[in-house]
Each structure stands twice: as structure tokens, then as C-alpha cells.
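Notes to accompany the following structure.
Laboratory data are not the source of any read-out in this text; all were calculated from the coordinates shown. Computed from a predicted model, the values in this text were never measured in an experiment. Neighbour counts are summed over all protein chains in view; Cβ atoms, including those assigned to glycine, are modelled from backbone coordinates with ideal geometry.
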Amino acid sequence: MPLEDIPSIRFLVVEDHGFQRWLIVNLLREMGATTVQSAPDGAAALNLLSAPDQAVDVVVSDLDMPGMDGMELVRHIAKAAHPAKLVIVSSLDRSLMATVETMARAYGIELLASIQKPLTAKKLQAAFGARPPGPRTAESAPPAPMAFGLTEVDWALRHGQFETYYQPKVELLTSAVRGAEALVRWRHPEHGVLSPSLFMPLVESGGLVDELTRQVTGAACARCVEWRRAGYLTNVSVNLSPSSLGDVTLAERMTRIAAESGLEPEHLLFEITESAATKEAGPELENLSRLRMRGFGLSIDDFGTGYSSMERLARIPFTELKIDQGFVRNAVTQDASRAMVESSLELARKLGITAVAEGVQSKAEWTLVLGLGCRLAQGHYVAEPMSAEEFARWAKARPKAANGA
């Protein structure tokens, strides 16, 4: 287990039962921890967390405690914007623990693990073995959010600073590369490569989304042509903004871009979020119908997070269904999430479309969705998003698909 960071991590154990509190503290010390504080309830823990001379990196907390319980403690930690990460240790029902896990993430708390009692050294080690939390220092703390103006984003867009990255999709049975999702990044001259969360709100509100979509689609089509000529039976997918779907010229523009690159429409998919797909406004339905009529694929993204019905989905000619990564991630431990994955796969089979497991981050998740009959997977366990050049090198080392995508 890669536990070499444990000695430098500062722990706080929150547990009302004296023996259990002693056990957790001692297990942490046996793992090499040198700074371990403890508190009998949430209120005492908050006092320690707010003390300027008592820095804490990881809180290991029970849930069911008298006075301030673990759920209220999590809320207060989030409200105070404390940087501590969280490990839950509880004897509560697994389904209830799963709800609290979701709650913690919704509050913005980084949850390292959720452990069901009885606690053992092996369970505690596993909480840190896969992803050691690391002490919170000035160097490791996330940088303050960067603020950009519309003029700067517009200039960058028109002067080639936005790049298209690609996250692979692979066949679960063979590990062969079957496609890639095009994702935009901003290569800023001062701040390096920036993620969409830092600029997409301005792109959307500033009326720049059509130009960005044009650039990303053009780059993705050109690369897909190169990959297919090199013998990789791949397709490429591009995300469409809900605002783009309201423009009835969209299908014509996308058709022209694909034709100019020489890519056959069947090898280009457009991804639409579930919430956008279930809007039944005329322009949106016209665009989706025309794109499909022209031969392009349509993928419903983040499936399971919206309020669509089977009837609505049947009215839109989707060719791919992407199961939301939250359900995939939790399906290994949560019966409800596993049921959502199973029902999504069954729906895809009934509609005759391809299913993709999104956000696969571990071997356990890969094994689970493979066993459930999912065809394709995408996520960090497969590969991180990468530049076009990196994708070509990565694909070269993969098995080649036996038949067309």
C-alpha cells in the first residue's frame, strides 16, 4: 500500500464511543500517523477545526452521535469552507451511508472513503491506499479561481489558443479503441492548460459558443479522418450546447464541416445532455431529427440525471446512451446505483442503441459494467483526456477493433 504520506497528514477522529475512538486513533498511529487528535462529538470537533494552531487534513468521523451528529458536522465543515477531507466510519445501513456520501459530495467535501463498522486495519489502509490524501499545504492547496473577461476569452478563441483534447472510448470485451470524445481546453500563455469550467460560462453568455463549436467540430473531424486512415476504426463525438440546439441552422453547419474534412457523417456523434434532450421545443427537435437524417450519430449524455421517460427517448432517434458516471462509480457499493446501471443497459438494449459507461475510474467499476453487458467504457481508468498527438500514440499501443465502429 502506498502509505508513505501518512506521517505528514494531520488527522481528527470524531467518535462518541470511547473504545471505538481509541481503536481508530491507534490504527492510524500503527499506519504511521504522527498527528492524531480526537473529539467525542461534532461540536468538540468544530472547536478543534476552528482553532488556528490545530490544522487538520483529514477528518475520520462517525455519523450517529449524540448532540451534533456526523451529518451536521459535515454541513458545518462545508459552510466554513474548511479544506479537510473526510472518511466516514459508521455502523449504519449501507444504503443510508450511501445517501450521506452523496450529501457530503453535494456540500463540496472531498470524501476519501466510507467504511462500515467493524473497522479493521485493512479497511482503513484501503481508504488511503488507492489515493493518499496528502497534507494540505500552501503549495498543494488549489489555486484561487481565475477570473477572465469576455474580451480576453474572445481574443483567445479567435487567435487559436483553444485546443481540442480527446478522451478515448474503448470496447470492454477487447480493450480496442472505438472512439473519442472531443473536449476543449484553453492553452493560456500565463496559466497553462485550463479546463472548461473556467471559461465556458463566458463562452455561453458572450455568444461565442457557435464559433467554439465550429472549431472543435472541425478539429475533431480532421483528426478522426487521420485515425481511420491509419487503421483505427473509431468515431468521434462532440458536445452540443443547449443554446446551439435552438438554432435551426445547426444541422446545415455541422454537415458542411464534416464534408469539408472528408469525414463520413456516420463517424461523427453529437452528445446532448439528458435535460436538453427532453426539451420538446420545435427548433431542438428539428435539429436532432435533421442531424440524424443526415447520418450523424446522436448520444444522450449523463443519462439518469434528468427526468426523461422511455416514451420521450423513443421519440428522439438516439444511437448511443451514456450512463452517468455517478451511477457507474457508486454501482460497486450501492444497490440502488447498480439497479440504475442495469436498467439503463436494459433500456439501451430495448431501443437498439449502444451503451457507454462514463467515468470508469477503477478496475472494480470496469469489471462490474463488463459483467452487466455494457459495450463501451470511458473514464480515467481507460485514459485521461489527451492531445491529438498523444491520442495517436496511445491508440497505436491498443488492440485494433475487429470490425467497423
Using θ = phi - 60° and the Karplus form 6.51 cos²θ - 1.76 cosθ + 1.60, what ³J(HN,Hα) does each residue of region 190-205 get, whole Hz, x for Gly and Pro? 10, 9, x, 7, 10, 7, x, 4, 8, 9, 4, x, 5, 4, 5, 6
To the nearest 10 degrees, how steep is helix 94-106 against the longest Cα principal axis of the chain, on a 0 to 90 scale? 70 degrees
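Divide, for region 15-70, the radius of gyration over alpha carbons by 2.2 N^0.38 Å, where N is the residue count. Can you show the working numbers first?
Working: Rg = 11.2 Å, N = 56, 2.2 N^0.38 = 10.2 Å.
That works out to 1.11 for region 15-70.
Pull out the extension gain between Ser197 and Arg349, defined as 0.36 nm times the separation in residues minus the alpha carbon to alpha carbon distance; nm, one decimal. Numbers along the way, then the final one.
Numbers: separation 152, 0.36 × 152 = 54.72 nm, distance 3.36 nm.
Full extension of this stretch gives 51.4 nm more.
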Arg393 to Glu211: FRET efficiency via 1/(1 + (r/R0)^6), r the Cβ-Cβ distance, R0 25 Å, to the nearest 0.05? 0.25
Arranged by the count of other C-beta atoms within 10 angstrom, fewest first, what order do Lys122, Lys169 take? Lys122, Lys169
Amide H partners (placed H, <5 Å) of Val356, local residues excluded: Leu321, Lys322, Ile323
Long-range amide H partners of Arg178 with built H, under 5 Å: Lys169, Val170, Glu171
³J(HN,Hα) across region 37-42 via Karplus (A = 6.51, B = -1.76, C = 1.60, θ = phi - 60°), whole Hz, x for Gly/Pro? 9, 9, 8, x, 6, x
Compute the long axis of helix 282-293 from its Cα atoms, compare it with the longest principal axis of the Cα atoms of the chain, and write down the angle in degrees, 0 to 90, nearest 10. 70 degrees
For region 144-202 and region 321-390, what is the centre-to-centre distance using only Cα atoms, to the nearest Å? 23 Å
Please list the non-local residues whose amide H lies under 5 Å from the amide H of Val60, H modeled 1.01 Å from N, same-chain partners needing a gap of 5 or more. Leu12, Val13, Val14, Val87
Jot down the per residue volume, in cubic angstrom and as a whole number, of the convex hull over the alpha-carbon atoms of region 330-399. 97 Å³
Quick one, which of [x] -0.80; [y] -0.92; [z] -0.65 is the actual log10 I(q)/I(0) by the Debye sum over Cα atoms at q = 0.10 Å⁻¹ calculated for this model? [x]
Taking a quarter of the surface of the convex hull around the Cα atoms of region 6-129, what do you get in nm²? 6.7 nm²
Can you compute the modelled spin-label distance between Asp53 and Glu204, with each label point 7 Å from Cα toward Cβ, in nm? 4.7 nm
Simple spin-label estimate for Arg187/Glu260, 7 Å along Cα→Cβ, in nm, reads 2.1 nm
In this structure, among Lys79/Lys322; Lys85/Lys363; Lys363/Lys396; Lys85/Lys350; Lys85/Lys396; Lys85/Lys122, pairs with alpha-carbon gaps over 31 Å are Lys79/Lys322; Lys85/Lys350; Lys85/Lys396
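Sum -39500 (n - 2.57) across every DSSP H segment of at least 4 residues in the chain, then divide by the residue count to get the 222 nm mean residue ellipticity, nearest 500.
Values: 17 runs with 169 residues, N = 405.
My calculation for the chain gives -12000 deg cm²/dmol from helical runs alone.
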